[in-house]
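Note sheet for the following structure.
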Amino acid sequence: MKFNSKSIFFCLILACVIMPLVLAQGKKGNVRINLSADTIDVDSSTAGMPAAVSKKARPVDATSFRLGKEFLGDRRLAISEQDKEKAEYIFMEAERQKAKGNIDAFFDLLRQAHAIDPTNSAVSYYLGYCMLSMDNSDNIRQSVGLALMQQHFKAKPSDYYESYFYGDACQKLGHKDQALNVWKTLAPLFPAKPDVQYQLADAYASNGDFHHAIASYDSIEQTEGKSIQLTAHKVNFYMMMSDTAGALKEGHALLATAPANAQYNLLMGNVFMEFNKNDSALAYFDRAQRLEPDNGYAYMAKANYYNTIGDSVNYDKQIYQALVSNELDVDSKLGVLTDYTGKLLQQRDSSERVNNLFKVLLNQHPHEGKIHELYSQYFLAKQDYKNAAEQIGYALDIDPTNADEWKQLMMVNLMAENFPKAIEAAQKALEYNPDNINLYQYIAPAYYQMKQYDKALEIYQKAIAIADSSDIDLHSNLLGGMADVYYSKGDTTLAFKTYEDALAISPGNTSVLNNYAYFLSVTGKDLDKAERMSGLAVKANPTNSTFLDTYAWIYFKKGEYKLALTYIESALSNNKTDNADIFEHYADILFMSGQPEKAVTYWEKALKLNPDSDILAKKVKFKTYFYK
């Protein structure tokens with residue numbers, strides 16, 4: 001199989017950092033691993049990585065590995081001393097290769113050493129870890145990798161780093177019972193390492209054993225003392241057990257250590273809020289506010305209290321105070337403002353309050369692009385595209401390399417049908433992000449909407465040239481976009497061939513299926529094929545109004561007006577905004593279904609949305625259907 005970049009990184013860190021730490025006697029440090037992340041943090045000054053690595057290794061057949069258990073039934077594996085020494089020598093050579101950055105050689109040598117002596121638990125461990133760092137979708141490889149790591153854990157559980165990594169791997173991969181066993185084993189072996197106790201508490205909690213989880217946190221408190229973090233964990237567990245008295249007792253115990261601590265009072269207030277004891281909660285929030293008048297979290301807590309009891313006036317006041325507080329971090333303020341603006345948008349309330357709060361926040365933090373981003377999203381929700389684009393522009397002034405913001409700016413301009421501005425944004429975006437494939441997917445449609453077809457094709461071709469060849473969905477989408485352009489240029493032969501190419505890569509691409517089917521129906525070619533493709537798109541997206549409209553139109557072209565009427569009415573009911581094409585198609589189908597008066601009504605609606613359509617004007621004027 002192939003190692004991807006993350007796989008190589010895991011093995012490098014393991015080989016170059018963790019192994020030396022394990023082998024060093026008396027080495028102290030804390031290890032934190034997250035198998036789902038791109039990094040492993042190690043508290044050590046010895047961390048280092050070779051500069052260059054290969055990205056390929058020979059294929060791995062997980063079923064070919066023997067698990068070197070000490071006993072197979074009642075018989076010990078018969079490994080000669082000569083073979084053990086040979087395997088150890090190969091293991092040492094593997095270490096030398098990894099020190100040079102030769103990860104392929106490192107992995108291959110581990111496999112050779114294991115094949116000679118599967119009882120060498122150290123070899124098994126590192127081989128298993130490397131197998132886990134590969135594609136975890138292979139359940140057999142995953143199981144074998146864990147089993148190889150377990151071999152070393154059973155042989156030498158006192159090897160802290162290796163046992164820790166094995167336990168965390170079990171936890172991350174959902175082997176809860178195995179993980180719990182690891183932490184229960186390590187806890188008495190390493191009583192001075194709080195990381196183990198934290199992991200043990202989490203393992204108990206993930207298994208639903210909150211009593212033992214609390215006991216583990218009690219053990220940590222005995223060495224580290226009480227803290228708001230530990231108390232919050234224990235309070236949460238008591239709540240999970242519906243133990244009101246236990247949760248309150250735990251909160252009071254923390255508060256007793258420092259009654260004048262504002263954070264402890266806030267915690268106590270939040271506990272009472274959870275149990276709907278609002279009056280008691282307010283008393284603790286007020287005390288926290290008296291202790292620290294500028295504490296933004298106290299204002300947030302009181303805002304939540306007033307929102308709970310339905311006091312909108314005091315809720316607004318507390319929100320304002322929280323946002324102007326210098327003690328509240330920017331991310332927390334953005335969280336407050338996001339909730340607040342969401343409520344006002346739902347209530348269709350005055351936007352002036354929101355604008356004032358954003359102005360206050362921007363005065364405090366003029367160089368925070370995230371505030372402008374949120375402000376633009378607020379305007380976008382109100383369909384105020386001009387102001388949304390302006391705020392995104394401010395954010396890009398702060399960080400012009402932000403590709404996501406450039407995409408947002410293009411999208412806003414496209415929604416506003418300001419295609420020149422969308423193109424202008426696209427060109428600037430590519431100056432800062434020339435290889436960002438996602439940008440091309442916004443730029444080409446913008447040129448297409450402006451009827452600059454040759455330019456749109458040029459962008460699509462550039463995108464295909466730099467796209468990851470393994471991303472079949474992306475390639476299919478790009479080809480589908482090119483096919484749309486070819487059709488609009490009048491080259492139906494090349495358009496239909498390109499649609500076929502797109503579907504050959506990704507047969508289930510619903511957008512391509514829909515567009516290909518629609519244009520076949522427009523040209524009147526192979527309506528049975530169009531019906532099949534459109535049916536697949538509708539089956540995959542039964543509420544997509546565009547797909548339903550296409551399906552209805554194909555039935556209309558086939559003269560099956562009853563089915564056409566069923567699907568066009570479904571398209572109308574699922575469409576969120578007025579659409580000239582759907583209105584016109586509905587009217588055409590109504591007319592052919594014997595409902596001419598209703599048909600005229602919808603032709604008129606379509607004409608209002610598309611006043612430049614000559615065919616619509618004729619239908620309205622003469623109150624009849626025209627084929628051309």
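What follows draws every value from the coordinates through simple rules; no lab data is involved. Small disclaimer: the values here were computed from a predicted structure and weren't measured. FYI the Cβ positions are ideal-geometry reconstructions off the backbone, even for glycines, and counts take in every protein chain you see.
Backbone geometry of segment 489-503 corresponds, through the Karplus equation with coefficients 6.51, -1.76 and 1.60 at θ = phi - 60°, to 3J(HN,Hα) couplings of 7, x, 9, 5, 4, 5, 4, 5, 5, 5, 4, 4, 4, 5, 6 Hz, x marking Gly and Pro. From the coordinates of this entry, Cα extents along the principal axes in Å is computed, and it appears in (1) 89, 72, 58; (2) 101, 76, 57; (3) 96, 71, 47 under the label (3).
Quote to one decimal, in nm, the extra length available between residue 497 and residue 363 on full extension: 0.36 nm per residue of separation minus the C-alpha distance between them.
Working: separation 134, 0.36 × 134 = 48.24 nm, distance 5.65 nm.
Once the chain is fully extended between residue 497 and residue 363, it gains 42.6 nm.
With Cα atoms defining each centre, segment 147-184 and segment 578-610 are spaced 68 Å apart in the structure. Summarising the label geometry, the points placed 7 Å from Cα in the beta-carbon direction at residue 578 and residue 112 lie 7.7 nm from one another.
In order along segment 231-242, phi translates into HN-Hα couplings of 5, 4, 4, 5, 4, 4, 5, 4, 5, 4, 8, 6 Hz, rounded to whole numbers, per the Karplus curve 6.51 cos²θ - 1.76 cosθ + 1.60 with θ = phi - 60° and x for Gly and Pro. Scoring 250-262, 105-117 by mean Cβ neighbours within 10 Å over their residues and listing the highest first yields 105-117, 250-262. Other residues with beta-carbon under 13 Å from the beta-carbon of residue 178 carry, at +1 per Lys or Arg and -1 per Asp or Glu, a net charge of +2. Whole-Hz Karplus values for segment 608-622 come out as 4, 7, 9, x, 8, 7, 5, 5, 5, 4, 5, 4, 5, 5, 9 Hz, taken residue by residue from phi with 6.51 cos²θ - 1.76 cosθ + 1.60 and θ = phi - 60°; glycine and proline positions read x.
For the pair residue 252 and residue 489 in one chain, pulling the backbone fully straight at 0.36 nm per residue adds 77.8 nm over the alpha carbon distance.
Cross-link partners of residue 193 among lysines, defined as those whose alpha carbon lies under 19 angstrom from its own and excluding same-chain residues fewer than eight positions apart: 27, 28, 156, 184, 226. Taking amide H as placed 1.01 Å from N in the peptide plane, the amide H of residue 328 sits under 5 Å from that of 296, each at least 5 places away or on another chain. Here the simple spin-label model places points 7 Å from the Cα toward Cβ, and for residue 566 and residue 96 these points are separated by 7.6 nm. The distance from the alpha carbon centre of segment 398-475 to that of segment 245-277 is 53 Å, rounded to a whole number.
Every helix of 4 or more DSSP H residues in the chain counts as -39500 (n - 2.57), and over all residues that averages to -22500 deg cm²/dmol at 222 nm.
Step through the table entries 386/576; 421/576; 172/234; 489/576, compare each Cα-Cα distance with 28 Å, and write down the pairs that go over it. Violating the 28 Å limit, Cα to Cα: 489/576. Calculate, for residue 431 and residue 454, the FRET efficiency according to 1/(1 + (r/R0)^6) with r their C-beta to C-beta distance and R0 22 Å; round to the nearest 0.05. In this case the efficiency is close to 0.55. Counted residue by residue at 0.36 nm each, then reduced by the alpha carbon distance between them, the extension gain from residue 621 to residue 278 reaches 116.8 nm.
Using C-alpha pairs below 8 Å separated by at least 6 residues, the relative contact order for the chain is 4 percent.
In terms of distances greater than 27 angstrom between alpha carbons, the cross-link table entries 529/619; 562/618; 529/621; 370/455 yield 529/619; 529/621; 370/455.
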